[in-house]
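**Q** Okay, handing you the structure first.
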Amino acid sequence: MTEESKVKPYKPFKGAQVNWPPDMPDHMLESVINIAKDQLAQHEFEQEGVEIAKNIKQHMDTNFEPYWHVFLGKNFGCQAVHEQNRFVYFTLE
C-alpha cells in the first residue's frame, strides 16, 4: 500500500473539510457543522474551548439522542468506537 492510498480524503461540506466518507447522515452532519461554526463565532477558542465542546455535545444529545462525545483541538488524532451513523471528523478554518 502506498503512502498516498493511506491518506483519507477531505471534502468540503457546508463550510467544513470533512474526512470522507463521514459515518453520519447529511442532515446530522450539517447540524453539527453549523453548531460548531456558531460556537466558534461566539466564543474564544483558546479560553473557552471546553464550553464550546460542551455546547456542541448538548446540541447533539438534545437533537439526535445521547450519548455524544466531542473532541476539540488544533492538532490531535482520534480513534473511537462508535455506533453506526454516529461519527464524523471535520475541520473548520
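The values are calculated or read from the model by the stated rules, or taken from the named source; none is laboratory data. This structure is a prediction, so every number in the text was calculated from the model and none was measured. The accessibility values were calculated without ligands, DNA or RNA, using every heavy atom of the protein model including side chains. Shrake-Rupley method; radii C 1.70, N 1.55, O 1.52, S 1.80 Å.
**Q** Can you send over the solvent-accessible area of residue 26, 1.4 Å probe, protein chains only, in Å² to the nearest 10?
**A** Roll a 1.4 Å probe over it and residue 26 shows about 90 Å².
**Q** Could you tell me, in Å, what Rg and Dmax come out for the Cα atoms of the chain?
**A** For the chain, the Cα-based Rg and Dmax read 13.6, 43 Å.
**Q** If you plug each phi of the range 35-41 into the Karplus form 6.51 cos²θ - 1.76 cosθ + 1.60 with θ = phi - 60°, what whole-Hz ³J(HN,Hα) values come out, in order, with x for Gly and Pro?
**A** After applying 6.51 cos²θ - 1.76 cosθ + 1.60, I find 5, 5, 4, 4, 5, 5, 6 Hz.
**Q** Of the candidates 75, 55, 34, which one comes out as most mobile in a Gaussian network treatment of the chain with C-alpha springs shorter than 10 Å?
**A** 75
**Q** Further question: Any chance you could run the full-extension gain for residue 54 through residue 34? It's 0.36 nm times the residue separation minus the Cα-Cα distance, nm to one decimal. If you can, show how the numbers build up before the last one.
**A** Working: separation 20, 0.36 × 20 = 7.20 nm, distance 1.50 nm.
Additional length available on full extension: 5.7 nm.
**Q** Mind checking the full-extension length gain between residue 14 and residue 82? Use 0.36 nm per residue of separation minus the Cα-Cα distance, one decimal, nm.
**A** Working: separation 68, 0.36 × 68 = 24.48 nm, distance 2.34 nm.
Extending this stretch completely gives an extra 22.1 nm.
**Q** Determine ³J(HN,Hα), in whole Hz, for all residues of the range 43-50 in sequence, where each value follows from phi through the Karplus function 6.51 cos²θ - 1.76 cosθ + 1.60 and θ = phi - 60°; x replaces Gly and Pro.
**A** Computed from phi, the couplings for the range 43-50 are 10, 7, 4, 5, 8, 10, x, 5 Hz.
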